[in-house]
Amino acid sequence: MKLFFIIVAFSLVNLCYGQSHKKWSIDAGLGFNNTIGPFAEGYSSNYLTLLHANLGGRYMLSNRFGVKLDVGFDRIKNDEWGNIKGPQPNVISEDFQTHYFRLTLQAVFDIGRMAQFDKLDKNFSMLLHMGFGFSSLKDQKRSVWFKDWRTQGSDEMMNYMIGLTPQYRISDHWSLHLDASLVANAWQSKTFDFTENSFKKGLHGKIFEFSLGASYYLGAGKKHMDWVVDSDAPAEVVKVVEKNEPSGDEVEKKPEKEEGESLPDADNDGIPDSEDNCPSVYGRGPEGCPNFDTDKDGVPDAKDECPETPGVIENDGCPELDLYVKKVFNEAMNDVEFEANSDQMVEEAYPILDKVVKVMKEYPEFLKLEIRGHTDDRRESEPNRILSEARAIAVKEYLISKGVDEGRLEATGYGETDPIAPNDNPAGRAQNERIDFMVHYE
């Protein structure tokens with residue numbers, strides 16, 4: 001056997017559906033800083049000083065962990081408001097202005113995904129970031145931008161940083177965020193006003209940075225990793241790597257068995273479990289694994305109802321719907337009722353369809369909703385088809401009137417051709433007189 005297997009535990013997103021989601025982002029923010037010190041006697045800065053700015057690039061390895069590299073700028077200026085609480089009220093600081101630049105490499109942890117914030121609001125999350133880098137404090141009275149960086153008016157040091165970034169998704173390409181960070185300096189040899197030496201061991205100078213910003217997501221795929229929840233990921237990923245053999249789409253021969261012998265085959269793909277390297281996934285490729293799986297979700301294209309969108313095996317390869325969404329569609333299927341032999345809905349149906357409207361507006365990834373009308377078999381086939389179609393159209397028109405884009409809706413009548421219960425009793429016929437929904441994804 002010349003095949004060996006790599007079973008991945010914490011890289012599910014990267015190997016299985018990472019290619020289907022964006023990983024890169026550009027993050028930028030503007031705001032204030034609060035410089036804690038040190039300052040020389042007679043010098044101080046405002047509690048909140050304009051300006052703080054940051055710009056960086058971030059790469060998420062999974063929906064829980066990533067790295068970022070960013071640059072920051074802080075303008076530190078003398079207190080112009082006065083110390084109204086000190087022993088000498090309304091004493092204004094001596095005039096000064098310094099500029100603080102930093103370059104920081106950080107690890108990023110998506111605590112929103114870890115704490116499953118998506119159960120409260122799927123568009124809200126929070127990042128924790130921490131790292132270290134290099135900084136320079138420049139006295140604007142002694143140094144000139146872009147000239148002789150290591151001048152008398154410049155103090156170089158290391159920085160250590162930690163911060164929290166709540167963020168809110170506004171589209172598949174953009175999110176807004178707030179950021180509150182603490183930057184602590186090591187080897188800082190000057191006060192922030194740049195008038196005295198102030199070298200101490202350990203973390204000495206400290207700055208709080210507050211900003212409002214935006215993130216723009218880059219890369220292929222619909223969602224960014226920031227918004228991929230655990231239910232998007234398949235339960236199992238097996239990557240097969242062929243060693244010393246050319247790759248191909250050949251199907252290995254089934255193992256021979258003695259007449260009358262039955263070998264276990266859990267996925268019913270014709271390859272016994274003892275020879276099947278994907279025993280729980282149907283596949284006719286080498287070693288019983290799927291041959292063609294465009295979206296890498298473990299469901300072969302031949303059986304995948306959403307072949308270009310990662311999903312779950314239990315949903316025929318389509319994404320698993322949230323419990324709330326399932327509840328809404330199930331309620332609509334069971335409780336949207338019509339007057340007898342009519343396409344007029346009863347009054348109780350409208351509040352239920354309002355929930356469907358809300359779902360369609362909250363889930364733009366639902367490219368199209370097929371509204372399917374069904375009847376029992378008490379009428380002829382053609383009248384049944386016409387009635388079921390009229391009822392589906394009535395639901396469609398109501399959703400459109402509530403703001404759902406007409407291009408996302410399709411109404412079809414199936415008559416009595418798809419019963420879900422026997423038609424030989426009143427209870428069964430009542431179940432077959434129904435509206436149900438089929439979600440189609442981008």
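The values are calculated or read from the model by the stated rules, or taken from the named source; none is laboratory data. This is a predicted model, so every value here is computed, not measured. A quick note on method: Cβ atoms are made from the backbone with ideal geometry, for glycine too, and the neighbour counts reach across all protein chains shown.
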Looking only at region 184-204, how many residues end up being within 22 Å of Met130 (Cβ to Cβ) and touching a residue at least 40 places away in the same chain (Cβ under 8 Å)? 4
Number of the exception - Ile400 against (1) within 36 Å of the chain's Cα centre (by Cα); (2) in contact (Cβ under 8 Å) with a residue 40 or more places away in the chain: (2)
Anything in region 212-231 that is crowded, with 22+ Cβ neighbours inside 10 Å and under 21 Å from Leu51 (Cβ atoms)? List them, or say none. Ser215
For Met345, are the conditions met, namely being within 20 Å of Glu410 (Cα to Cα) and at pLDDT 85 or above? yes
Just to be sure I understand the filter: pairs with C-beta atoms under 6 Å, separated by 6 or more residues or on different chains, first member in region 33-59 and outside any loop (DSSP other than H, G, I, E, B), second member of a type in the set (Asp, Glu) and modelled with pLDDT of 85 or more. Which pairs pass? Asn33/Asp74; Asn33/Glu209; His52/Asp74; His52/Glu209; Asn54/Asp70; Gly56/Asp27; Gly56/Asp70; Arg58/Asp27
Output for region 398-442, where each listed residue is aromatic (Phe, Trp, Tyr) and assigned to a strand (DSSP E or B): Phe437, Tyr441
Out of everything in region 269-305 that is over 28 Å from Lys368 (Cα atoms) and polar (S, T, N, Q), what residue ends up being modelled with the lowest pLDDT? Asn291
Exactly one of Ala421, Ala390, Ala427, Ala340 is in contact (Cβ under 8 Å) with a residue 12 or more places away in the chain and over 30 Å from Lys296 (Cα atoms), and that one is Ala390
Does Gly373 count as small (Gly, Ala, Ser), touching a helix residue (DSSP H, G or I) at 6+ places or on another chain (Cβ under 8 Å) and more than 21 Å from Lys326 (Cα to Cα)? no
Just to verify a result, which residue in region 15-39, among those that are crowded, with 17+ Cβ neighbours inside 10 Å and at pLDDT below 90, is farthest from Pro310 (Cα to Cα)? Lys22
Quick check on Gly407: is it at positive phi and in the same structural domain as Asn330 (by TED's automatic domain parsing)? no
Can you tell me which residue within region 328-353, out of those that are assigned to a helix (DSSP H, G or I) and out of contact with any helix residue (DSSP H, G or I) (no Cβ under 9 Å at 6 or more places or on another chain), is surrounded by the fewest Cβ atoms within 10 Å (Cβ to Cβ)? Pro351
The lone exception for Gln116 - which of (1) at positive phi; (2) modelled with pLDDT of 90 or more it fails: (2)
Residue among Arg434, Arg378 that is touching a residue at least 40 places away in the same chain (Cβ under 8 Å) and surrounded by fewer than 16 Cβ atoms within 10 Å (Cβ to Cβ): Arg378
When you go through (1) over 14 Å from Met345 (Cα atoms); (2) of a type in the set (Gly, Ala, Ser); (3) part of a helix (DSSP H, G or I) one by one for Ala390, which number turns out not to apply? (1)
